[in-house]
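The values are calculated or read from the model by the stated rules, or taken from the named source; none is laboratory data. The model shown is predicted, which means the values in this text are computed figures rather than measured ones. Cβ coordinates were reconstructed from backbone atoms using ideal geometry, including for glycine residues, and neighbour counts include every protein chain displayed.
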Amino acid sequence: MTTKEFLNQAYRIDQRINSKLEQIISLHTLATKATSALSDMPINKSESQSKMADIIAKIVDLETEINKDIDKLVDTKKQIMSVIRKVKNPEYQTLLELRYLCFNTWEKIAVDMHYGIDNIFKLHQKALRSINIFYVVQ
């Protein structure tokens, strides 16, 4: 695993959490969708209740997965933070935190740190090199 891969782990977990949250919203919408059938055929209520139970079960399963992912995200962020804290240069630390813990875009980081985008990229490369000292690639 490279230094950048190590630092990007939290972002990837966060993306998976957001994806699962979107799936839950979709399932909630599906569960609450009211459809009326314009037919003189009798409605099978047990079938619709079974579908509702299946959807609720899926929602509960996804919520359980999300909670596990959140725990993993918190642990991963702690690991990343411990590596970033070992960097001596406070500017490097700030840049790394803004990028890999706050998930800010390069443009936002440049504005927040009062640098041009090119300078942020150069600073980032230097910051990554300073981490290589502390983080042994596995």
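Mind listing whichever residues of region 37-56 are modelled with pLDDT of 65 or more and among the acidic types (Asp, Glu)? Across region 37-56, the qualifying residue is only Asp54.
Restricting attention to region 114-132, the residues being free of Cβ contacts under 8 Å to residues at least 40 places away in the same chain and surrounded by fewer than 18 Cβ atoms within 10 Å (Cβ to Cβ) number 12.
Test Lys68 against the criterion of being under 23 Å from the mean Cα position of the chain (by Cα), among the charged types (D, E, K, R) and in a helix (DSSP H, G or I), and give yes or no. Quick ask: steps written out before the conclusion?
Details: under 23 Å from the mean Cα position of the chain (by Cα): yes; among the charged types (D, E, K, R): yes; in a helix (DSSP H, G or I): yes.
Criteria met by Lys68.
Taking region 89-122 as the range and being part of a helix (DSSP H, G or I), within 16 Å of Ala10 (Cα to Cα) and not hydrophobic (A, V, I, L, M, F, W, C) as the test, the residues that pass are Glu97, Arg99, Tyr100. Somewhere in region 24-36, is a residue among the aliphatic types (A, V, I, L, M) and modelled with pLDDT of 90 or more? Scanning region 24-36 turns up at least one residue that is among the aliphatic types (A, V, I, L, M) and modelled with pLDDT of 90 or more. Exactly one residue among Val137, Val111, Val74 is surrounded by fewer than 17 Cβ atoms within 10 Å (Cβ to Cβ), β-branched (Val, Ile, Thr) and modelled with pLDDT under 95, and that residue is Val137.
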